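Worksheet: one structure, shown below.
The values are calculated or read from the model by the stated rules, or taken from the named source; none is laboratory data. Nothing here was measured: the structure is a model prediction, and the numbers come from that model. Neighbour counts are summed over all protein chains in view; Cβ atoms, including those assigned to glycine, are modelled from backbone coordinates with ideal geometry. For the accessible areas, the whole protein counts, side chains as well, though only heavy atoms, and no ligand, DNA or RNA atoms are used. Shrake-Rupley method; radii C 1.70, N 1.55, O 1.52, S 1.80 Å.
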Amino acid sequence: MVLARTVVPAPEPIGALTLGLTTAGLALVVFGDRPEIVDRAATRLGEAVVAGDGGTAAEQFAEYLAGTRRAFDMPLDWSLTSGSQRQVLQALYDTVPFGTTVTYGELAARAWGRSERAYTAARGVGAIMGSNPLPVVVPCHRVLGSDSLGGFGGGRATKEWLLALEGVLTPALDFGPG
């Protein structure tokens, strides 16, 4: 088996998305043109890396970034996830559609049930969001703090841009180069 790497151009502040695809489906999404991260994922999976065109995955990302696609319907390869991480990411994928958000605590309750340790569970969800190998498709940008936007591996500007694309936030004004 192989991990096919392709880069999809994206509007600023994203710039590009690097995708890693196996025969099972999309396994990795990385913000930026970052072939070294695909190389590390391939090593972890015991796969060779080859250049790819991204096929349906690249098309769906281009449509989403252009604002014409609201849901991804490509197969996902969850092999870079496991245990609690997979449980939380699957709950996110299954229960938080385009244009909606959830707090870290709410997602913890969806994945693990109600707990007297809600603060600890919410922090655990935050750590899992930071290790999400499939951002955008498994929409960690839709997970917010109880009183803030929360963090995001792609950076705050990217999180704000994605939430504006989905109609959750009002788009920021861009006056272009001064």
Margin query: Shape verdict for the range 40-96, please, from the Cα gyration tensor: rounded (a/c under 1.5), prolate (a/b greater than b/c) or oblate.
Written below: oblate
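Expressed in nm to one decimal, what extension gain is obtained for the pair LEU169 and SER84 from 0.36 nm per residue of sequence separation less their Cα-Cα distance?
Here the answer is 27.6 nm.
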Item checked: Total formal charge among the other residues, if their Cβ is under 15 angstrom from that of ALA71, Lys/Arg +1 and Asp/Glu -1 -> -2
Next item on the list: Tell me what the chain gives for mean residue ellipticity at 222 nm when only DSSP H runs of n ≥ 4 count, each as -39,500 (n - 2.57), the sum divided by the residue total, rounded to 500 deg cm²/dmol.
Entry: -11500 deg cm²/dmol
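Quick one: accessible area per residue over the range 1-146, 1.4 Å probe, rounded to a whole number of Å²?
48 Å²
Suppose a student asked you for the relative contact order of the chain, using Cα pairs under 8 Å spaced at least 6 residues apart; what percent would you report? Mind showing how you got there, number by number?
On the way: 269 pairs, mean separation 35.0, N = 178.
Once normalised by length, the contact order is 20 percent.
Which trypsin sites (Lys or Arg not before Pro) does the range 1-105 hold that lie in a coil by DSSP with at most 15 other beta carbons within 10 Å?
Passing sites in the range 1-105 are ARG69, ARG70.
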Checklist line | Heavy-atom accessible surface of the chain: percent carbon and sulfur, 1.4 Å | finding: 52 percent
Margin query: What are the ³J(HN,Hα) couplings of the range 127-142, residue after residue, when phi is run through the Karplus curve with 6.51, -1.76, 1.60 and θ = phi - 60°? Round to Hz, x for glycine and proline.
Written below: 5, 5, 4, x, 10, 5, x, 10, x, 6, 6, 9, x, 5, 5, 8
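Strictly greater than 24 Å: what percent of every Cα pair in the chain meets that?
The proportion of pairs with Cα distances above 24 Å equals 37 percent.
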Notebook entry, point to check: Rounded to the nearest 0.05, what FRET efficiency is calculated for SER131 and ALA16 with R0 set to 25 Å and r the Cβ-Cβ distance?
Noted result: 0.75
Notebook entry, point to check: Stokes-Einstein at 20 °C, 1.002 mPa s, Kirkwood radius from Cα pairs: D for the range 1-87 in µm² s⁻¹?
Noted result: 162 µm²/s
